[in-house]
Amino acid sequence: MGPLHGVKVVELAGIGPGPMAAMLLADMGATVLRVDRQNPSGLGVQRPEKFDLLLRSRSAVAVDLKSPAGVDFVLDLVGQADVLIEGFRPGVTERLGLGPDACLARNPKLVYGRITGWGQNGPMAQDVGHDLNYIALTGALHAIGRAGQPPAIPINLVGDFGGGTLYLVMGVLAALFEAQRSGRGQVVDAAMVDGVANLMTQPHGTFAAGMMNNQRGTNITDSGAPFYDVYACSDGRYVTLAAVESKFYSEALRVLGLPDLLAGQWDRAQWPDAKLRIAAVFATRTRDAWCAAFEGTESCFAPVLSIDEAPQHPHLRERGTYVEVAGVTQPAPAPRFSATPSAAPTPFVPWRADAAVDILQDWMAPEAVSAALKTGVIG
């Protein structure tokens with residue numbers, strides 16, 4: 001059932017990193033209930049629920065959060081929960097009556113997880129923003145891209161999910177551990193600017209050591225080095241070479257028929273010419289032909305696969321890295337646990353008043369559900 005079996009989570013509906021945090025907790029076995037507003041205005045890019053994969057493995061309840069009775073209903077849920085997750089601007093949940101003080105008063109052991117772009121305080125705390133803005137401010141975006149070109153946009157992986165979701169979940173799990181020891185809950189303030197800045201720890205050290213500079217596309221891991229780059233093949237597809245260690249670079253050069261380049265691996269003046277020679281060789285064969293040529297070698301080589309190709313790769317197929325849920329192929333839960341493996345994901349269960357008792361069975365008695373329906377607090 002997963003290592004978090006028995007943990008109960010209330011998720012105040014939002015978009016992006018908050019829902020993914022709830023998904024990860026649900027993947028690991030937590031019982032997650034998503035609290036939607038009645039007649040929500042809608043945020044983000046809308047898609048059919050079947051394809052909103054971040055909502056998987058949990059159900060939802062629609063609550064009138066504008067009424068005191070609706071707020072009390074959510075506080076009743078909080079009273080039974082181990083975790084609450086919210087992703088609103090600072091002060092929004094406080095104005096709703098569902099801020100940390102109110103929730104921790106109802107449940108002193110609660111872990112109150114908050115995810116924002118800019119953080120709960122600071123001059124920009126109330127500013128709007130998205131992933132691209134957060135990684136721009138923290139220096140991460142500036143470092144990504146090729147020489148002479150604008151910064152490359154790494155979709156929304158780095159800010160929303162890398163610096164946001166994963167830091168929120170790490171903080172929630174740490175706070176859960178502490179609550180078990182002390183009996184006290186606490187607030188986890190996960191700001192994407194903080195998380196992305198933390199992800200940049202190694203580059204900061206490399207920069208301070210003089211081993212990295214501010215010119216994009218001239219450093220070891222940003223496409224500056226010939227042994228760490230993406231190369232085009234004759235069919236317009238691409239392969240990657242990440243042979244940083246000399247023994248791996250030597251093997252890659254052997255396959256490419258360019259052994260003389262090894263002597264100049266760390267001479268930056270030779271990098272541009274080496275890149276041109278390697279690119280010319282890769283351009284002589286198709287991507288799959290190069291996969292066959294590099295098969296079994298220790299050269300840090302891999303093809304660039306598309307989203308629809310990746311689930312079909314033999315290695316990922318054998319490991320079960322992807323699963324199919326309700327006809328939609330998607331990533332399987334990660335990481336993996338030897339003693340308490342995660343269950344297979346299940347489709348999102350949207351709110352339906354006629355299924356209210358089933359949806360809320362882990363949270364309240366049928367009579368309480370019926371009473372909430374009659375008053376219009378839920379529905």
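Efficiency by 1/(1 + (r/R0)^6): what FRET value for Ala293 and Arg47, r their Cβ-Cβ distance, R0 = 30 Å, to the nearest 0.05?
Numbers: r = 40 Å, r/R0 = 1.34.
Using R0 = 30 Å, I get an efficiency of 0.15.
Seen from all directions on average, the stretch 186-264 presents a Cα convex hull projection of 8.7 nm². Among the lysines of the chain, pairs at least eight places apart or on separate chains and with Cα atoms under 29 Å apart come to 8. Between Leu137, Val9, Pro108, the Cα set farthest toward the positive side of the dipole of the stretch 1-156 (charges on each charged residue's Cβ, about the Cα centre) is that of Leu137. If you wrap the tightest convex hull around every Cα atom of the stretch 64-156 and split its volume per residue, you get 126 Å³.
Extending 7 Å from the Cα toward the beta-carbon at both His204 and Arg89 defines two label points whose distance is 2.9 nm. What residue among Pro366, Pro40, Pro303 has the largest mean-square fluctuation in a Gaussian network model of the chain, using Cα springs under 10 Å? Evaluated over the chain, the most mobile residue of the options is Pro40.
Between Leu65 and Gln38, the built amide H atoms are under 5 Å apart, and every one of these is 5 or more places off in sequence or on another chain.
Explain nothing, just the number: dipole magnitude of the stretch 155-224 about its Cα centre with +1 on each Lys and Arg Cβ and -1 on each Asp and Glu Cβ, in debye rounded to the nearest 20.
Details: 3 positive and 5 negative charges, 25 e Å.
Charge dipole, the stretch 155-224, about its Cα centre: 120 debye, nearest 20.
Given R0 = 51 Å, the distance between the Cβ atoms of Glu318 and Ser182 translates into a calculated FRET efficiency of 0.70. Between the listed residues His315, Met364, Phe294, the Cα displaced farthest toward the positive end of the dipole of the stretch 292-379, a dipole computed from Cβ unit charges relative to the Cα centre, is found at Met364.
Does the stretch 38-80 classify as rounded, prolate or oblate by the C-alpha gyration tensor (a ≥ b ≥ c root eigenvalues; a/c under 1.5 gives rounded; else a/b over b/c gives prolate, otherwise oblate)?
Working: a/c = 3.59, a/b = 1.65, b/c = 2.17.
Oblate, since a/c reaches 1.5 and b/c is not below a/b.
Can you put Met124, Met20, Met170, Met192 in order of accessible area, largest first, using a 1.4 Å probe? List each step's numbers first, then the result.
Details: Met124 70, Met20 45, Met170 110, Met192 10 Å².
Reading off the accessible areas and sorting them downward yields Met170, Met124, Met20, Met192.
Here Val304 sits with roughly 60 square angstrom of accessible surface, probe radius 1.4 Å. Solvent exposure of Thr284, expressed as accessible area, is near 100 Å², computed with a probe of 1.4 Å over the protein chains only.
Taking the charge dipole of the stretch 20-85 about its Cα centre, with +1 at Lys and Arg Cβ atoms and -1 at Asp and Glu Cβ atoms, the residue from Ala81, Asn39, Val63 reaching farthest to the positive side is Asn39.
Is the stretch 1-134 rounded, prolate or oblate when judged by the Cα gyration tensor, a ≥ b ≥ c being the square roots of its eigenvalues, rounded requiring a/c under 1.5 and prolate requiring a/b larger than b/c? The shape class here is rounded.
Rolling a 1.4 Å probe over the protein heavy atoms of the stretch 303-379, with every protein chain left in place, gives an accessible area that is 57 percent carbon and sulfur.
Please compute the contact order of the chain in relative form: average sequence separation of alpha-carbon pairs under 8 Å and at least six residues apart, divided by the residue count, as a percent.
On the way: 660 pairs, mean separation 73.4, N = 379.
Relative contact order of the chain: 19 percent.
For every helix of n ≥ 4 consecutive DSSP H residues, a contribution of -39,500 (n - 2.57) applies; sum these over the chain, divide by its total residues, and give [θ] at 222 nm rounded to the nearest 500 deg cm²/dmol. Walk me through the intermediate numbers first.
Numbers: 14 runs with 127 residues, N = 379.
Computed mean residue ellipticity for the chain: -9500 deg cm²/dmol.
From the list (1) 22.0; (2) 18.4; (3) 16.4, can you say which value of mean projected area of the Cα convex hull in nm² was derived from the structure given? Of the listed options (1) 22.0; (2) 18.4; (3) 16.4, (1) comes from this structure. For the pair Val328 and Ser306, a Förster radius of 22 Å applied to the C-beta separation gives a FRET efficiency near 0.85, rounded to the nearest 0.05. Each residue of the stretch 221-230 is assigned a 3J(HN,Hα), and the resulting list reads 10, 10, 5, x, 8, x, 8, 9, 7, 10 Hz, derived from the Karplus form 6.51 cos²θ - 1.76 cosθ + 1.60 (θ = phi - 60°), x at Gly and Pro.
The values are calculated or read from the model by the stated rules, or taken from the named source; none is laboratory data. Keep in mind that what you see is a predicted model, and the values were worked out from it rather than measured. Every residue, glycine as well, gets a Cβ built from its backbone with ideal geometry; the counts of neighbours run over all protein chains shown. Surface areas here come from the heavy atoms of the whole protein model, side chains and all, with no ligands, DNA or RNA. Shrake-Rupley method; radii C 1.70, N 1.55, O 1.52, S 1.80 Å.
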